[in-house]
Amino acid sequence: MARKITVDPITRLEGHGKIEIFLDDKGNVSNAYFQVPELRGFEKFSEGRRAEEMPRITPKICGVCPTAHHTCSAKTLDDLFKVEVPPAAKKIRELMYSAFMFEDHALHFYFLGGPDFVVGPDAPSGMRNILGVIQKVGLDAGKKVINIRKRARDIITKLGGRVIHPVCGLPGGISKGVTKEDREEFIETGKDMIEFSKFSLKLFDDIVLANKKYVDVITGDIYKHKTYYMGLVDGDNKVNFYDGMVRVVNPKGEEFCKFKSRDYLKHIEEHVEEWSYIKFPYLKKIGWKGFIDGVDSGIYRVAPLARLNASDGMATPDAQKAYEKMYEILGGKPAHNTLAYHWARLVEMLYASERLLELAEDEEILDKKIRNIPTEIPDEGIGVVEAPRGTLFHHYKTDERGVILKANLIVATVNNSAAISMSVKKAAEGLIKNGKVSDGLLNMVEMAFRAYDPCLACATHFLPGQTPLKVNIYNSNKVIVKTIIRD
Amino acid sequence: MIDDKKAEVLILGLGNPILSDDSVGLRVVDTLKEIINTKNNVDFYKVATSGIEILDIISGYKHLILIDVIKTGKDKIGTLTKHKISDFNNSIHLTNPHQLNLPSVIELANKTGIPVPEVIDIFTIEVEDIYTFSLECLPELKNKIPEIAKEILNKSGVLET
């Protein structure tokens, strides 16, 4: 008797993302799928528009990581118009981007995924949020989080024009430079960001690493997949969010390939399943072998842990120390533990802080030369950045006037879509045996996908601001025999 | 963040301007701005986010009027519904992949001493398509926006402030 279990977020959006779990005749998990909503017609929407509009349009795909889309789009325009960005503009873009990565990672750790550990994986779901974190670590910590995020976002506002949807990126540079006063403020904020990142890592040490039970959950088999890993690296193979080469390592940590963003189609293909709108990217040279991990499967992962796995280290001193400590405790590199994404996110938060300070202290950011005017005839442009949730590709083709003929985006969460489905399946397998569904199913399955910080674009302003979860268990006649609602 | 907060009332539209009917809340804010642009005690803001991200925006105001779209599939397209923040209390402590709910944001602000509006009115407008990229919304919604805007003014009492 086959049964179907649906973990369905009830939101204001019909057809929103959900998790479906299919059981076999014995009541054990045969398959599990992570589904996301389809936002229709972006390519068509883009066609016929001037390419210069794309850095303002693409951030509106999503209210969660607009700075990533804006920056990636601006870089794509640089490529499209074949124009070099002046050094000062490049540094200012990266400075703004570092502020964005910091505040987004802080949001995830304190508000979204981190509470699973700071408050505890067994804690009631109602406590696993920022309010639970404050109760556990104190009100002052809560104030620190809110204050430092606000200051980082103030940097984005100052440089980007707007915090939610920046408008500063132009082909060949940026629209606004940095004043001496701005720079002083950025330096002060950067220093405080570093301190806050260290405070967060210490918090992780004290609360998570000091608790054997939590460490066992992180390192346990239920949340482990041996996949390929992808991330942007600089010339020394160190993590870089803004620019560099895309590097992929195999499950043993050996370099599999390294390529420029222009060559992404030589290395990445997308698999389609009839049950999902989302595509499943995989490594072209290995091929799609189904939802399995291992060296023979083309499935790869992106985002914090993947970036660290795909690199040879961090480009800033304290982040490098944190990186080394993480791998020492996890038993070497690469680490395949999905829940270690939270830890890697904190290491990256420290890197973003240190990098921001480096850039703010660089006098070149005061240079007035912040843009080169494009003079070449456009045809095709490809750009890449590391978004908080992973590698983000933009690809535009235009006519000779720069009017979009075709646009293709591979967004971060899509890169992880196959791995997320595998993680959800593995968690469900551990919680569903012979038809018996453990009460912990929701928490454990949620933890599996939350580690990736998946971005469901249209959930950005769901009015209650929450995603309640419901599990429907169907019998072989597709009649609901049990419903579990987490409220 | 709104740099020049001078008014006591904030009319805040939530929505994505390039996702068909999702833009309706933003369009209503535009219309309200035309209707009451002579009043200097009202600020207007439109944004495509929510949760903790709106804390900076709403902080400092006494009265928040929040306008968003909703798709329940139960009400007629264009139906305006007024909610109080307490309507969402039943989900106050849920976690989700991306955000806090509004009551939790208010609770967080209260705990950390961030001033938030004393009065919060939430309006939702029933819509149909929030998945297709388009600058246009349904014509029937577009035509109804002036009526919806006036209804919001009546129900929020903002003209009397």
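The values are calculated or read from the model by the stated rules, or taken from the named source; none is laboratory data. Computed from a predicted structure; not experimentally measured. Neighbour counts run over all protein chains shown; Cβ positions are idealised from the backbone, glycine included.
Brief remarks on what is shown
- Within region A:298-399, helices (runs of 4 or more DSSP H) holding 1 or more residues that are among the small types (Gly, Ala, Ser) and over 30 Å from A:Asp182 (Cβ atoms): A:304-310, A:341-361
- Taken over region B:109-161, the criterion of being in contact with a Ser or Thr (Cβ under 7 Å, 6 or more places away or on another chain), in a loop (DSSP other than H, G, I, E, B) and under 24 Å from B:Ser59 (Cα atoms) is satisfied by B:Ile114, B:Pro115, B:Val116.
- Residue pairs whose Cβ atoms lie under 6 Å apart, separated by 6 or more positions or on different chains, with the first residue in region B:48-70 and within 7 Å of chain A (Cβ to nearest Cβ) and crowded, with 24+ Cβ neighbours inside 10 Å and the second part of a helix (DSSP H, G or I) and among the small types (Gly, Ala, Ser), are B:Asp68/B:Gly25.
- B:Ile65 part of a loop (DSSP other than H, G, I, E, B), at pLDDT 90 or above, of a type in the set (Val, Ile, Thr) and more than 22 Å from A:Arg149 (Cβ to Cβ): no
- Subset of region A:304-348 that is buried (at least 24 other Cβ atoms within 10 Å of the Cβ) and aromatic (Phe, Trp, Tyr) - its residue that is nearest to the chain's Cα centre (by Cα): A:Tyr341
- Residue in region A:371-420 that is surrounded by the most Cβ atoms within 10 Å (Cβ to Cβ), counting only those that are of a type in the set (Ser, Thr, Tyr) and closer than 13 Å to A:Leu77 by Cβ: A:Tyr396
- Considering residues of region A:100-139 that are in contact with a Pro (Cβ under 6 Å, 6 or more places away or on another chain) and charged (D, E, K, R) only, the residue surrounded by the most Cβ atoms within 10 Å (Cβ to Cβ): A:Arg128
- Candidate set from region A:145-195 (those that are assigned to a helix (DSSP H, G or I) and of a type in the set (Ser, Thr, Tyr)); member that is farthest from the other protein chains (Cβ to nearest Cβ): A:Thr189
- Candidate set from region A:355-370 (those that are surrounded by fewer than 24 Cβ atoms within 10 Å (Cβ to Cβ) and not hydrophobic (A, V, I, L, M, F, W, C)); member that is nearest to A:Asp104 (Cα to Cα): A:Glu358
- When each of A:Tyr242, A:Tyr214, A:Tyr229 is tested for being outside any strand (DSSP E or B), in contact with a helix residue (DSSP H, G or I) (Cβ under 6 Å, 6 or more places away or on another chain), more than 14 Å from every other protein chain (Cβ to nearest Cβ) and closer than 30 Å to A:Lys284 by Cβ, the lone residue that passes is A:Tyr242.
- Unmet criterion (only one of (1) more than 29 Å from A:Asp236 (Cβ to Cβ); (2) over 20 Å from the mean Cα position of the chain (by Cα); (3) assigned to a strand (DSSP E or B)) for A:Glu269: (2)
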